[in-house]
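What follows is calculated from the coordinates using simple rules that are stated; it is not laboratory data. Bear in mind that the values here come from a model prediction, so they are computed numbers and not experimental data. Methodologically, a virtual Cβ is constructed for each residue, glycine included, from the backbone with ideal geometry; neighbour enumeration extends over all protein chains shown.
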Amino acid sequence: MRLRSSDGVQARAFFKPANGMRQRSLELFGQTRASCVLAEALAWRLAVALGAPYTDLVAPCVLRFVETVDMDAPGAMSLARPGVDESYAPAERVPAQWAAAALFDALSGQQDRHCGNWLWDEEDLALHLIDHGYSFACRSDHCANSEILRVRRERGGLALGDAEIDLLNRTLEEVEPLVLRRILTSSRSRSFRARAQAMLAPPRVILREGAFH
Amino acid sequence: MVHVEFWRPGREIDRSECVATLTQRGREAPKIEGREPDIVDLDRMVLSMNTGRTICWDDDPEEWARSLVGSYRSPYLLAEIVHDDHPAPEPTGKRLVVRQRVRG
C-alpha cells in the first residue's frame, strides 16, 4: 500500500494483518497472532533503542489498524525496503553490517532468518532485515533458519567487539527494562535478558544459532 | 504430489505475479519452472507442517514442499500450495479481537 504523510511525502509499505497469519505456522514457532505482530513492531523499537547501525538495518514497522482489511485487530505495517533477496553478497561487501545483523538476530531471538528475510541493496551498499514476526523466542521455541548468524560464526566472527559489549550492557541496563519488559510476556523478556547475559559472560562470544535461552 | 506457487506481491492490487512453481512428486527430482526459478531454495530448512521438526528437502521432499508456506511468507515473496495429495491439517485458530468498536 502507498502511504502519504501530511506534508505530502509518499512511501510504500506492507501490511500484515494479525488475523491473516497461518495458525499452523504460528503454533510451530510457538507464537500467537498477537505475539507475532507485536514482535514485528518490537524489532523496530529495539533497533531504535540500539541506535545506528540497527536503525538502518531493520525495516521500520508499527502496529496499525487498517479497517478496510480487518475491523477486529491490528497488523504490522512495515516500510518497504529496496533490494533483492536470496543474496549472500552483503556478507562479503558489507561485513560490518552483516556482523551487526547477526548480533541483532542473536539478541532478538530470531527464529527464521532465511535468505528471503533480508534484502541486499547493491546500489546503496545496504543490508535490510525484514520479517521479524518469529522472534523474541523462548528457550524451547523452534529455530528454522539463522543464516546471518551462521555465516558470521562460520567466518570466525565469534568474539564480540568492545562496541558490541557496550551495546549489550546498555541493553540490560536500559533497553530491556524500559522498552521491552512492558510489552513482552515475562518469559520472552527473561529469555531476552538471558541471551544478553550469556553473550556478556566469558568468553564473550556471540550465541550459536537457535540458542534462545 | 505437492504443487507450490511462489508469488511476488505487486505495487498495485491485482498486479501480483507468480514468479516460480515447484512440483514435488515423492522423492523424484523437483520440477521448478517460472521466470525466477532460483528463488526456490532447495537448501532452506523448514518446520514440517505435520511434525513441527526442522527438515531439509532430502529428509522428506513432499513434506518439505508442503511446509514452504511457513517459510516463504514475507511481503516480498509468498508461497502458496495449489495442490497437495496429502494436505497437512490447518487449525483455524481463534481470531484476534483487540478492541470493541464503539459507534456513536
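Identify all residues within region A:162-179 that are surrounded by 13 or more Cβ atoms within 10 Å (Cβ to Cβ) and either touching a Lys or Arg at 6+ places or on another chain (Cβ under 8 Å) or not aliphatic (A, V, I, L, M) (or both); write none if there are none. Passing the criteria: A:Glu164, A:Ile165, A:Arg170, A:Thr171, A:Leu172, A:Glu176, A:Pro177, A:Val179.
To keep it simple, each residue is scored yes or no on (1) in contact (Cβ under 8 Å) with a residue 60 or more places away in the chain; (2) closer than 16 Å to A:Cys115 by Cβ; (3) not β-branched (Val, Ile, Thr).
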position	(1), (2), (3)
B:Val2	yes, no, no
B:Arg8	yes, yes, yes
B:Cys18	no, no, yes
B:Met45	no, yes, yes
B:Val69	yes, no, no
B:Leu77	yes, yes, yes
B:Lys94	no, no, yes
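When each of A:Arg64, A:Arg113, A:Arg152 is tested for being crowded, with 21+ Cβ neighbours inside 10 Å, within 13 Å of chain B (Cβ to nearest Cβ) and basic (Lys, Arg), the lone residue that passes is A:Arg113. Among the residues of region A:184-197, those that are exposed (fewer than 15 other Cβ atoms within 10 Å of the Cβ) and either among the small types (Gly, Ala, Ser) or in contact with a Leu (Cβ under 6 Å, 6 or more places away or on another chain) (or both) comprise A:Ser186, A:Ser187. Looking across region A:32-48, just one residue is over 18 Å from A:Asn117 (Cα atoms), surrounded by 20 or more Cβ atoms within 10 Å (Cβ to Cβ) and in contact with a Phe, Trp or Tyr (Cβ under 9 Å, 6 or more places away or on another chain), and that is A:Ser35. Selection of helices (runs of 4 or more DSSP H) fully inside region A:1-65 by the criterion of at least 2 residues being of a type outside the set (A, V, I, L, M, F, W, C) and under 28 Å from B:Ile55 (Cβ atoms) returns A:23-28, A:33-50.
Residue-by-condition table, conditions (1) polar (S, T, N, Q); (2) within 11 Å of the chain's Cα centre (by Cα); (3) within 8 Å of chain A (Cβ to nearest Cβ):
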site: B:Glu36; (1), (2), (3): no, no, no
site: B:Asp43; (1), (2), (3): no, no, no
site: B:Cys56; (1), (2), (3): no, no, no
site: B:Trp64; (1), (2), (3): no, yes, no
site: B:Val69; (1), (2), (3): no, yes, yes
site: B:Glu80; (1), (2), (3): no, yes, no
site: B:Pro87; (1), (2), (3): no, no, no
site: B:Pro91; (1), (2), (3): no, no, yes
site: B:Arg95; (1), (2), (3): no, no, yes
